[in-house]
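A.B. asks: Below: one structure in structure tokens.
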Amino acid sequence: MLLGVGLAFVAACSDPATRPTGPAPHAVVPAAEPAPTPGALPSSTPAAPPGTLRMVFDDEPNHLNPDLDPDRSCFRLAFDTFYEPLVRRTANGDYEPVLADRFTVDDEGHSYTFHLRPGVTFHDQTPLTALDVVFTFDRLRSPRTHAPRMQARLADMERIELVRSDTVRIWARRPSAVLLPALAEVAILPEHVFGRGELQYQPANRRPVGTGPYRLKSWERGERGERGHHLVLERYPRYWGSPPGYETIDVLFEEDAAQALGRAKRGEVEVVDRVPPAYLPEQLDSPTLRANYNAVRVEPFRFVFVQWNLAHPPLDRPEVRRALAMAVDRARLIEAARHGQGRPIAAPPLGDPQAAPMPRHAPEEAVKALTAAGLVRTKDPADPSSASPSASATSPPSSAGPGPAPARARFTLLVPSGSHEAEELGRRLAEALGKLGLSVEVVNGDLGSILMRLRKGQFDGALLDWTGRPGDDLAPLFHSRGAYNHGGYRNPELDALLDAWHRPSAPGTTERHELAARIEAALAADPPALFLYAPTEVFLYSRHLGAAPRFGDFLLLRGLRPADPTAK
């Protein structure tokens, strides 16, 4: 997630500690032709114990507390597995009770009352009470807690009130369309475990104690690729709800995708959580994989972009930012960085992908616009090959007399290190802009250095990505008061649209879809960033399992079950 909200490029490179770093529904379509009827899984290793599901993840989490701006693996492993929310969002957009057995929205949307389910216990058999709920929200929203993404999502929450030992009331600053989705993502923590000290430094962040259907049995941290490098979940026998489908889930962490696919071919695992684009589609043509696995393509709410620093002329001029957007061939970028696994975008895809603004690749028009802006000189404005850099910020003006300072022809582009995708994108972007006559210096850095430079405004562009949830709020990124608006973007029209995104709409109306389209159009017309693409992901799912239960783009571990042999 970007700097606690979506910087997925560098999530795997952050320091493992109790200091968490930031990370997690679209159509599902087969990534390959229908395969033959599944046969017996070949295996070169001993069979798993009865009731064990085996999975491969390509990245190990830094911690297992989903409230602390989790990385991708943490949220997938811990949310609704070790820990549970008060309510859960369903596939059709409704909400069903979880730890609350009922809830009401009162005072025209200014308050939410949750009545807790009786008989729920944490994994140490301590009963859940309303005090745990109050503690969770108070500690999570505390300025001393480092959870900027979740705190931003809870911005419309004013306070939480203890009504009775089994009832809490949450007050909203205003009626909000984004508050209940945010409440549905808060994992309730036990106060007796997390109550002392700051939340981000708790040992229990690595040893979860929740109310969920699974508890942590072991977490063995070995060298990469060793069999001992895995995490085991086991059923919690006193779970309040229906028991999960497996006694244990054994999660192996395997960075090497070739090794992960090899385990699948040998029948050692039932799920490969993510297949890197470099291995698509050739590796999935293996007869063994096609016979025994479904390759499922999903579209997470994620987009990759270059954030511009509008405090650095000429990036403060919309026509320059539009010209830079026209200069980039996004389809070629997706092919180079992700082997075609993604779709080009001109704005974040909030609404219907088929109706979203499509980017234009028009390098000739880009050169004309940049020439008119004084950013490049060219003998023939229609010929990009004849372009040359104009004066830099330190060169004398090209014409006599008073006037604005010369435009900058040289840019620095911050690129996260340690990610092939990000580094390939940085190189390709520098080449594409270089063909216009611009000079782009790529500066690679780890998460800490990129964060520091963004906060201090020491950048011209920064390659980032945002990973969120369907219907996410983009105000933190692009509102004039947004916590992650490091580029200093100001657009009163967009501010009004993003404010409207918080207002509830009548059920069954098209108001929300229309508002999403207006936000997308505004961002495409006056782009604060160079929007590149929305990635797609592929996972392998054994044909011996039942239907794949999903939340957005990832599997719900609690819902995994063997296939019904009597089902047709």
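A.B. asks: Once each part is reduced to its C-alpha centroid, what is the distance from the range 327-367 to the range 59-88 in angstrom?
C.D. replies: 31
A.B. asks: So how many Å³ per residue does the convex hull of the Cα atoms of the range 494-538 work out to?
C.D. replies: Per residue, the Cα convex hull of the range 494-538 comes to 108 Å³.
A.B. asks: Go ahead and collect, in residue order, the members of the range 447-470 whose backbone nitrogen is under 19 Å from a label point 7 Å along the Cα-Cβ direction of Glu441.
C.D. replies: 449-463
A.B. asks: Report, as a whole number in µm² per second, the diffusion coefficient that Stokes-Einstein gives for the range 125-219 at 4 °C and 1.567 mPa s using the Kirkwood radius over alpha carbon pairs.
C.D. replies: Calculated translational D: 90 µm²/s.
A.B. asks: For the range 261-381, what does the accessible surface come to per residue with a 1.4 Å probe? Please give it in Å².
C.D. replies: Value for the range 261-381: 39 Å² per residue.
A.B. asks: If r is the Cβ-Cβ distance from Arg427 to Glu108 and R0 is 60 Å, what FRET efficiency results, to the nearest 0.05? If you can, show how the numbers build up before the last one.
C.D. replies: Working: r = 53 Å, r/R0 = 0.89.
Calculated value: 0.65.
A.B. asks: Still on this structure: At 1.4 Å probe size, put Tyr239, Tyr95, Tyr214 in order of accessible surface, largest to smallest.
C.D. replies: Tyr95, Tyr239, Tyr214
A.B. asks: At 0.36 nm per residue, minus the direct Cα-Cα distance, what do Leu162 and Glu255 gain on full extension? Give it in nm, one decimal, please.
C.D. replies: 29.0 nm
A.B. asks: Between Arg360 and Thr121, what length in nm is gained on full extension when 0.36 nm per residue of separation is reduced by their alpha carbon distance?
C.D. replies: Numbers: separation 239, 0.36 × 239 = 86.04 nm, distance 5.52 nm.
Taking 0.36 nm per residue and subtracting the Cα distance, the gain is 80.5 nm.
A.B. asks: Is the shape of the range 156-212 best called rounded, prolate or oblate, per the rule: a/c under 1.5 gives rounded, else a/b larger than b/c gives prolate, else oblate, with a ≥ b ≥ c the square roots of the Cα gyration tensor eigenvalues?
C.D. replies: Since a/c reaches 1.5 and a/b is larger than b/c, the shape of the range 156-212 is classed as prolate.
A.B. asks: With a point put 7 Å past each Cα toward its Cβ, work out how far His513 is from Arg196 in nm, to one decimal.
C.D. replies: So the two model labels end up 5.5 nm from each other.
A.B. asks: Points 7 angstrom from Cα along the Cβ direction at Glu493 and Ser242: gap in nanometres?
C.D. replies: Those two pseudo-labels are separated by 4.9 nm.
A.B. asks: Could you derive backbone 3J(HN,Hα) for the range 157-169 from the dihedral phi with the Karplus parameters 6.51, -1.76 and 1.60 (θ = phi - 60°), listing whole Hz in sequence and x where the residue is Gly or Pro?
C.D. replies: With the stated coefficients, the range 157-169 comes to 7, 8, 6, 10, 10, 7, 8, 9, 5, 10, 9, 10, 10 Hz.
A.B. asks: Another one. Evaluate the distance, in nm, between pseudo-label points positioned 7 Å from the Cα of Asp101 and of Ala373 along their respective Cα→Cβ axes.
C.D. replies: 6.1
A.B. asks: OK, next. Over 5 Å intervals from 0, what percent of Cα-Cα pairs in the range 219-350 sits in each interval?
C.D. replies: Answer for the range 219-350: a P(r) of 2, 7, 13, 13, 12, 13, 11, 9, 7, 6, 4, 2, 0 percent.
A.B. asks: 5 Å is the cut-off here: which amide hydrogens, built 1.01 Å from N in the peptide plane, fall below it relative to Leu414, excluding neighbours closer than 5 in sequence?
C.D. replies: Correct list: Val443, Asp460, Gly461, Ala462, Leu463.
A.B. asks: By the gyration tensor of its Cα atoms, with a ≥ b ≥ c the square roots of the eigenvalues, what is the shape of the range 430-568: rounded for a/c under 1.5, prolate for a/b over b/c, or oblate?
C.D. replies: Verdict is oblate for the range 430-568.
A.B. asks: Carbon-plus-sulfur fraction of the accessible area of the range 465-568, 1.4 Å probe, in percent? Spell out each step's value before the answer.
C.D. replies: Working: 2340 of 4180 Å².
Summing carbon and sulfur atoms, their accessible area is 56 percent of the total for the range 465-568.
A.B. asks: Further question: Between Arg173 and Asp564, what is 0.36 nm times their sequence separation minus the Cα-Cα distance? Round to one decimal in nm.
C.D. replies: Net length gain for the segment: 136.0 nm.
The values are calculated or read from the model by the stated rules, or taken from the named source; none is laboratory data. Only a predicted model underlies this, so the values are computations on that prediction, with no experimental measurement involved. As a convention, Cβ positions derive from the backbone with ideal geometry for all residues, glycine included, and neighbour counts pool all protein chains shown. The area values use the complete protein model at the heavy-atom level, side chains included, leaving out ligands, DNA and RNA. Shrake-Rupley method; radii C 1.70, N 1.55, O 1.52, S 1.80 Å.
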